[in-house]
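The values are calculated or read from the model by the stated rules, or taken from the named source; none is laboratory data. Computed from a predicted model, the values in this text were never measured in an experiment. Here the Cβ positions follow ideal geometry from the backbone for every residue, glycine too, while neighbour counts run over all protein chains shown.
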Amino acid sequence: MKKIAIFASGGGSNAESIINYFKGHSSIDVSLIVSNKEKAFVLKRAKKHNIPSVYISNKDFKSGELVLEKLIEHDIEYIILAGFLLLIPRTLTQKFPNRILNIHPALLPNYGGKGMYGQHVHQAVFNNFEKESGMTIHLVNEKYDEGKILFQVKVDLKVTDTPDVIAAKVLKLEHKHYPEVINDYLKSQS
């Protein structure tokens, strides 16, 4: 059984999608939820699904030691970022090479990098009158949004689409594809 940890900073709708997808899975188990926000709704989602969870402060997260301790304690093999806003420390990228996945709400390399997350991305797409947007799933390295791209999917935009409409279109793609890509990637690592 491959054990995964989901890292999330907010509501955790992608985390919920992943949890539901892997419920009762024969070879992959969501074994831990980690958040850097003490009141993040994702921690309530973890409780609802009886998944162990832990809050780790930004300061402790940046050192990486406490996070690593918790991951080892739960025998975690893969880390899945689902709306996690901190840069992953070198401690973790070295311990989990090619075993940390992230989802980004745009077609990387466009609209990536520090500060480009959530509504900031959709506003930028809107401001630049883009005809399409989408989402990217990639491996994580020491830089924001620069790891190897594993999967991208596009969605057409209308000139009338507001940033909120763009966000909803992209989120729908995320919920549909992220669990499938995680599943396929982990199976390919056997």
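For region 18-31, give me each residue that is more than 11 Å from the chain's Cα centre (by Cα) and either assigned to a helix (DSSP H, G or I) or under 14 Å from PHE84 (Cα atoms) (or both).
Here is the first cut: in region 18-31, the ones more than 11 Å from the chain's Cα centre (by Cα) are 19-31.
Once the filter is applied, which keeps residues that are more than 11 Å from the chain's Cα centre (by Cα) and either assigned to a helix (DSSP H, G or I) or under 14 Å from PHE84 (Cα atoms) (or both), region 18-31 yields ILE19, ASN20, TYR21, PHE22.
Out of the residues in region 99-141 that are in contact with a Phe, Trp or Tyr (Cβ under 8 Å, 6 or more places away or on another chain) and in a loop (DSSP other than H, G, I, E, B), state the one that is nearest to HIS177 (Cα to Cα).
PRO105
Here is a yes/no grid of residues against (1) among the hydroxyl-bearing types (Ser, Thr, Tyr); (2) touching a Ser or Thr at 6+ places or on another chain (Cβ under 7 Å); (3) assigned to a loop (DSSP other than H, G, I, E, B); (4) more than 24 Å from ILE51 (Cβ to Cβ):
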{"residue": "LEU66", "(1), (2), (3), (4)": "no, no, no, no"}
{"residue": "ILE72", "(1), (2), (3), (4)": "no, no, no, no"}
{"residue": "LEU86", "(1), (2), (3), (4)": "no, no, yes, no"}
{"residue": "THR91", "(1), (2), (3), (4)": "yes, no, no, no"}
{"residue": "VAL153", "(1), (2), (3), (4)": "no, no, no, yes"}
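In the set VAL42, VAL34, which member is surrounded by 15 or more Cβ atoms within 10 Å (Cβ to Cβ), in a helix (DSSP H, G or I) and at pLDDT 95 or above? Quick ask: steps written out before the conclusion?
On the way: VAL34 fails: in a helix (DSSP H, G or I).
Of VAL42, VAL34, the one residue that is surrounded by 15 or more Cβ atoms within 10 Å (Cβ to Cβ), in a helix (DSSP H, G or I) and at pLDDT 95 or above is VAL42.
Filtering region 156-172 down to residues that are of a type outside the set (S, T, N, Q) and in contact with a Phe, Trp or Tyr (Cβ under 8 Å, 6 or more places away or on another chain), which residue is surrounded by the most Cβ atoms within 10 Å (Cβ to Cβ)?
Narrowing region 156-172 to residues of a type outside the set (S, T, N, Q): 156-159, 161, 163-172.
When the remaining residues are screened for being in contact with a Phe, Trp or Tyr (Cβ under 8 Å, 6 or more places away or on another chain), the result is 159, 161, 163, 166.
Numbers: VAL159: 6, ASP161: 19, PRO163: 16, ILE166: 23.
For region 156-172, the residue satisfying everything is ILE166.
Could you please find all residues in region 69-83 being within 18 Å of the chain's Cα centre (by Cα) and modelled with pLDDT of 95 or more?
Result: LEU71, ILE76, GLU77, TYR78, ILE79, ILE80, LEU81, ALA82.
Residues are listed down the side, and each one gets a yes or a no for (1) touching a residue at least 60 places away in the same chain (Cβ under 8 Å); (2) of a type outside the set (Ser, Thr, Tyr); (3) within 15 Å of LYS3 (Cα to Cα); (4) touching a Pro at 6+ places or on another chain (Cβ under 9 Å):
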| residue | (1), (2), (3), (4) |
| --- | --- |
| ILE72 | no, yes, yes, no |
| ILE79 | yes, yes, yes, no |
| PHE84 | yes, yes, no, no |
| LEU87 | no, yes, no, no |
| GLY115 | no, yes, no, no |
| ASN128 | no, yes, no, no |
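Can you work out which of the residues in region 133-155 that are out of contact with any Gly (no Cβ under 7 Å at 6 or more places or on another chain) and more than 13 Å from LEU173 (Cα to Cα) is surrounded by the fewest Cβ atoms within 10 Å (Cβ to Cβ)? Outline the logic, then answer.
Filtering region 133-155 for residues out of contact with any Gly (no Cβ under 7 Å at 6 or more places or on another chain) gives 133-137, 142-143, 146-151.
From what is left, the residues that are more than 13 Å from LEU173 (Cα to Cα) are 142-143, 146-150.
Working: GLU142: 13, LYS143: 13, GLU146: 15, GLY147: 22, LYS148: 9, ILE149: 15, LEU150: 16.
Taking the candidates together, the pick is LYS148.
Any residue at all in region 46-65 that is in contact (Cβ under 8 Å) with a residue 40 or more places away in the chain, under 19 Å from LYS95 (Cβ atoms) and either surrounded by 16 or more Cβ atoms within 10 Å (Cβ to Cβ) or touching a Lys or Arg at 6+ places or on another chain (Cβ under 6 Å) (or both)?
Here is the first cut: in region 46-65, the residues in contact (Cβ under 8 Å) with a residue 40 or more places away in the chain are none.
No - not one qualifying residue is present in region 46-65.
Somewhere in region 173-180, is a residue in contact with a Leu (Cβ under 8 Å, 6 or more places away or on another chain) and either surrounded by 13 or more Cβ atoms within 10 Å (Cβ to Cβ) or of a type in the set (Asp, Glu) (or both)? It would help to see each step written out before you state the result.
Step one: list which residues in region 173-180 are in contact with a Leu (Cβ under 8 Å, 6 or more places away or on another chain), which gives none.
Taking every residue of region 173-180 in turn, none turns out to be in contact with a Leu (Cβ under 8 Å, 6 or more places away or on another chain) and either surrounded by 13 or more Cβ atoms within 10 Å (Cβ to Cβ) or of a type in the set (Asp, Glu) (or both).
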